[in-house]
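Worksheet: one structure, shown below.
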Amino acid sequence: MDILSLETLQQLLQSWGYLVIFCGMVLENAGVPIPGETLTLLGGYAAGSGQLRLWGVLVAAASGAILGDNLGYLVGRRAGWPLILRVGRALGQSPEQMEQLRGRFLRHAGKSVLLGRFVALLRVVAGPMAGAVRMPYPRFLLCNAAGAILWSLTMVSLAWLGGRWIPLSTMVKGVVQFG
C-alpha cells in the first residue's frame with residue numbers, strides 16, 4: 001500500500017479528522033513536500049458528505065497553512081538561501097530556475113506569498129523563501145494570512161460543492177493538475 005495514496009489519506013482523515021488536515025497543512029507550508037492540498041480537498045469532500053463540519057475544515061486548513069508558512073519563514077530566515085537551493089533541487093528545480101524564481105519573488109514578494117498558495121511549488125517554498133530573502137515579517141504575516149484564508153476558502157468550497165457531482169479521484173486529479 002502506498003503511504004500517500006488517496007485511500008490512505010482518506011483513512012487518515014476518517015481516523016484523525018481536522019487534526020490530519022491541520023498537520024498536513026502545517027508540514028506542507030513549512031516546506032515539507034507532502035499532499036496538504038489533497039488532504040484539504042478530502043476534508044472539503046468529507047464536509048460535503050456530512051462526515052466533518054465545513055467550518056472545522058476551513059479553520060484547520062487555514063490555521064495549519066498560516067502556522068506552517070510562519071515556521072517556513074523562520075527556517076528560511078535562519079538557514080538562508082542555501083536551504084532554498086537544496087529544497088528546489090529536491091523538487092527537481094535547477095539552481096538557475098531557483099535564481100529566476102528568487103528574482104521574481106523579490107519583485108513581487110507580497111503577491112508571491114498571497115497568490116503562491118495556488119501554485120504547488122511556490123506553496124511549498126514561499127514561507128522559507130520569504131524568510132531567506134528577508135521579506136519584512138509584518139508584511140509577510142499579512143500576505144500569508146490573507147493567502148491562506150483565500151486558498152482554504154477556495155479549495156474547501158470547490159471540494160464541498162464539486163464533491164456532490166464529481167467523483168473524488170477525478171476532482172483531486174483536476175485540482176492538483178491545475179495547481
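With the full set of protein chains in place, find how many percent of the accessible area of the range 1-112 is carbon and sulfur; take the probe as 1.4 Å. Please list the in-between numbers first.
Working: 3610 of 5830 Å².
Carbon with sulfur: 62 percent of the solvent-accessible area.
I'd like the Karplus ³J(HN,Hα) series for the range 138-146: coefficients 6.51, -1.76, 1.60, θ = phi - 60°, whole numbers in Hz, and an x wherever there's a Gly or Pro.
So the J values, rounded to whole Hz, are x, 5, 4, 4, 5, 5, 5, 5, 4.
Gaussian network model of the chain, Cα springs within a sub-10 Å range: biggest mean-square fluctuation belongs to which of Ser94, Ser157, Ser112?
Ser94
Pick from Ile21, Ile84, Ile34 the residue whose mean-square fluctuation is largest in a GNM of the chain, springs joining Cα atoms under 10 Å.
Among Ile21, Ile84, Ile34, the largest GNM mean-square fluctuation belongs to Ile34.
Can you give the accessible area of Thr8 in Å² (nearest 10), computed on protein heavy atoms with a 1.4 Å probe?
In the full protein context, Thr8 sits at about 20 Å².
Can you give the log10 of the normalised intensity I(q)/I(0) at q = 0.30 Å⁻¹, computed with Debye over equal Cα scatterers of the range 39-96?
Each listed q maps to, in turn, -1.07.
Would you mind giving the average projected area, over all directions, of the Cα convex hull of the range 1-94 in nm² with one decimal? Write down the numbers at each step before the final one.
Details: hull surface 25.9 nm².
Approximately 6.5 nm², given one-decimal rounding.
How long, wide and thick is the chain, going by the Cα atoms along their three principal axes, in whole angstroms, largest first?
43, 34, 25
Would you compute, from DSSP H runs of 4+ residues alone, the mean residue ellipticity of the chain at 222 nm, taking -39500 (n - 2.57) per run and dividing by the full residue count, rounded to the nearest 500? Before the final figure, lay out the partial values.
On the way: 10 runs with 142 residues, N = 179.
After summing the helix terms and dividing by the residues of the chain, the value is -25500 deg cm²/dmol.
In terms of modelled amide H atoms, which long-range or inter-chain residues lie less than 5 Å from the amide H of Leu52?
Here the answer is Ala47, since their amide H atoms fall under 5 Å of that of Leu52.
Mind listing the long-range amide H neighbours of Val133? Cut-off is under 5 Å, sequence gap 5 or more, other chains count too, H placed in the peptide plane at 1.01 Å from N.
Amide H neighbours of Val133: none.
Compute the relative contact order of the chain as a whole-number percentage, counting only Cα pairs closer than 8 Å that sit 6 or more residues apart in sequence.
Working: 260 pairs, mean separation 53.4, N = 179.
After rounding, I find 30 percent.
The values are calculated or read from the model by the stated rules, or taken from the named source; none is laboratory data. None of the values given here were measured: they were computed from a predicted structure. Accessible surface areas use protein heavy atoms only, side chains included; no ligands, DNA or RNA. Shrake-Rupley method; radii C 1.70, N 1.55, O 1.52, S 1.80 Å.
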